[in-house]
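Take a look at the structure set out below.
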Amino acid sequence: MKRRSRILIAAAVAAACLAGIGLGGYLLGSHASDADPSAGAEHAHADGAAATTWTCSMHPQIQMEQPGLCPICNMDLIPLAGDDGEDAGPRTLRLSPAGAALADIRTVPATRRYVDRQVRLAGTVAYDERLVESISAWVGGRIDRLYVDYTGVPVAEGEHLFELYAPELITAQQELLQARRLVAGEAEEDAFLARSSDQALTAAREKLRLLGLDAEQVAAIEEAGAVRNRVTIRAPAGGVVVGKHVKEGDYVEAGSPVVTIADLSQVWLELEAYEIDLPALRYGQQVRIRAEALPGETLDGRIVFLHPELDTRTRTVRVRVNVPNPERRLRPGMFVRAEVLVQLGAGGAVVGDPDLAGKWIGRMHPSVIRDAPGTCPVCGMELVPAEELGLVDAQLPPPPLVVPAAAVLPTGERAVVYVRRPGDEPVFQGREVVLGPRAGEHYIIASGLEAGEQVVVSGNFKLDAELQIKARPSMMSPATTVTLSGGVGMDDPLARARSARRARLQVEATPAMLAALDPVHAAYRTLQEALAGDEFERAQNAYAGLGQAIDGVDATALTGEAGALWASVAATLRAAIARGRAAPDIATARRVFADVSAAMIDLVRGMGSPADAPLHIAYCPMAFDDRGASWIQDDQEIANPYFGSSMLRCGVIELRVPAAPAGVEGE
């Protein structure tokens, strides 16, 4: 939309210059007193001069003689601003105080301070692998009685699990009783024989222990003085039976698993972190957890493990958190959401947790945290200082320079802000900046600004639109000029974009390849329609449907460059779909949809449309605080998925993708 509007404006300026007519906006208040801005308009009418022109800040090609609503996006029209006649520079605007007030331009200073970045994660509850025990047969035999006869039965430490008939156990019991009789008969005859008998008795007891009996069972056999044909095997630890591997009457060999028991007093959270969030995560960070099954409650844990390998299918890395679960309310498989609040310093450096200062931590088991040195109770290794593991900063990084996110106009590879110059008069200058990471409602500025400079947080898009109207180089699109008739140079972003599209490599896509991707496009269209219709539940189902469509694509039908393009797009889509399915509200689902749309647009630009009718790539400049976003739709009539019914028709068709796989046709 912005591209089309700018070329229209550029053509209008060129025509005006050829005709010898000056084109410029009238700054509201520049010809009238600040106390009564309307006086200037009345005076202009009285003298026969041009009346105030009203325009839309999002669609500057709209110019009306009367105030009202924009016919494209239904926003209130604003007075067409201008300057006071002085040349303030190609990327600078000078407004009257009244004009700045009516344009609702507000500024805040750029400041140096630590900011918090919230990293959102999602995942599931899993068993703590350290608390899962496999109970196996220590000797070959027959399972005569299986007490834990179904999966899920709770078991306490020492409770019976199964009865085993084993000839080797019978022989070992006989050896025990024989050794005991020898000890009783030779205790007073000979000291040497007595010691030998004692050693034989001890060895017989140890043999039974190694065959799976506990000390209490061995003592009971000695006291009874009789061999037991069947021996009861008891649970070495409490928990829940999560695996039953045999049935009554089965014969087992030594080492064969019989049951598996998991202790749920502590569980793991297996979370997924996206690549972009990895620099902000480290061992020992506090995590706040919310589970769907525990509404209104929050749990606390710590990151104890970051998986060293990236999942190439989802483009995520697994993050493990230990969580105490004494009441067993968290069950493996439950879905959870987690938040990590990360404090950032200059350059986006992560500030270590000050609560870990002076603590001693297990190198292999970071969940073990002590106030003094010692050994790890899990593995016996020496604990090390938290500073040695890099969990606490020896010296805090300096605070970063930050501005509100509303002050930044990201434009792909560039980011711009508008700065108010010092002085009483409102003079605004466009400035390119280098962005660091975003932290909540703030951006870290790597370069381009100084602390204390006043940046525009409201009205910056209007200032940029005014530069376009005045045919000056807009900060949202750097100067790339073409020469129109008469030698007038104008910024033409649409021509530049078309040139870039012509240079884009188009892959060879056969009808069979396009047919293989048709379910993916259909699922995407369902998602777009759901968001445009404000249907959150339907959108969540559509995210799931899109994932199923991707999994169902026959990859063997996509070969060569088409296969490589699809593999890249599919990986991006899968990562976004996971976030879309976990979205807590429709606003989050719409933010994720922007990533889905970007991948789908790359797909149709590279391979064409699989549908019988053309597809249309639309653009809304107001999406996500004026950062703008695109999407694909079937019809030419705009159906905005980022605003829904509130601004359903806001946007413009940028490209028409024909049904034939020949490429992209620009409009």
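List of remarks:
- Any hit, the range 311-319, residues being loosely packed, with under 13 Cβ neighbours inside 10 Å, within 16 Å of the chain's Cα centre (by Cα) and without any contact (Cβ under 8 Å) to a residue 12 or more places away in the chain: no
- Members of the range 258-300 that are surrounded by 14 or more Cβ atoms within 10 Å (Cβ to Cβ), free of Cβ contacts under 8 Å to residues at least 60 places away in the same chain and either more than 16 Å from residue 323 (Cβ to Cβ) or of a type in the set (Asp, Glu) (or both): 278
- Among the residues of the range 409-426, none qualifies, meaning not one is over 30 Å from residue 462 (Cβ atoms), over 22 Å from the mean Cα position of the chain (by Cα), surrounded by fewer than 18 Cβ atoms within 10 Å (Cβ to Cβ) and not small (Gly, Ala, Ser).
- Long-range neighbours under 8 Å by Cβ, at least six apart or interchain, first residue at pLDDT 90 or above within the range 104-118, second open to solvent by 80 Å² or more (accessible area, probe 1.4 Å): 110/450; 112/398
- Output for the range 601-627, where each listed residue is surrounded by 22 or more Cβ atoms within 10 Å (Cβ to Cβ) and closer than 26 Å to residue 408 by Cβ: 618, 620, 622, 623
- Count of residues meeting criterion [within 30 Å of residue 253 (Cα to Cα), open to solvent by less than 60 Å² (accessible area, probe 1.4 Å) and assigned to a strand (DSSP E or B)] in the range 122-136: 3
- Criterion applied to 139, 119 was being open to solvent by less than 20 Å² (accessible area, probe 1.4 Å), within 41 Å of the chain's Cα centre (by Cα) and not polar (S, T, N, Q), and the one residue passing it is 119.
- The range 54-82, subset open to solvent by less than 40 Å² (accessible area, probe 1.4 Å) and not hydrophobic (A, V, I, L, M, F, W, C), residue modelled with the lowest pLDDT: 82
- Here residue 526 passes the criteria (1) open to solvent by 20 Å² or more (accessible area, probe 1.4 Å); (2) closer than 17 Å to residue 607 by Cβ; (3) touching a residue at least 12 places away in the same chain (Cβ under 8 Å) except the one numbered (2).
- Cβ pairs under 7 Å, 6+ apart, first in the range 216-234 and within 24 Å of residue 198 (Cα to Cα), second of a type in the set (Val, Ile, Thr): 227/170; 228/221
- The single residue among 641, 584 that is surrounded by fewer than 22 Cβ atoms within 10 Å (Cβ to Cβ), part of a loop (DSSP other than H, G, I, E, B) and either of a type in the set (Ser, Thr, Tyr) or within 23 Å of the chain's Cα centre (by Cα) (or both) turns out to be 584.
The values are calculated or read from the model by the stated rules, or taken from the named source; none is laboratory data. This one's a predicted model, so the numbers in the text were calculated from it and none came from an experiment. Heads up, the Cβs are rebuilt from the backbone with ideal geometry, glycines too, and the neighbour counts pull from every protein chain shown. Heavy atoms of the whole protein, side chains included, go into the accessibility calculation; ligands, DNA and RNA do not. Shrake-Rupley method; radii C 1.70, N 1.55, O 1.52, S 1.80 Å.
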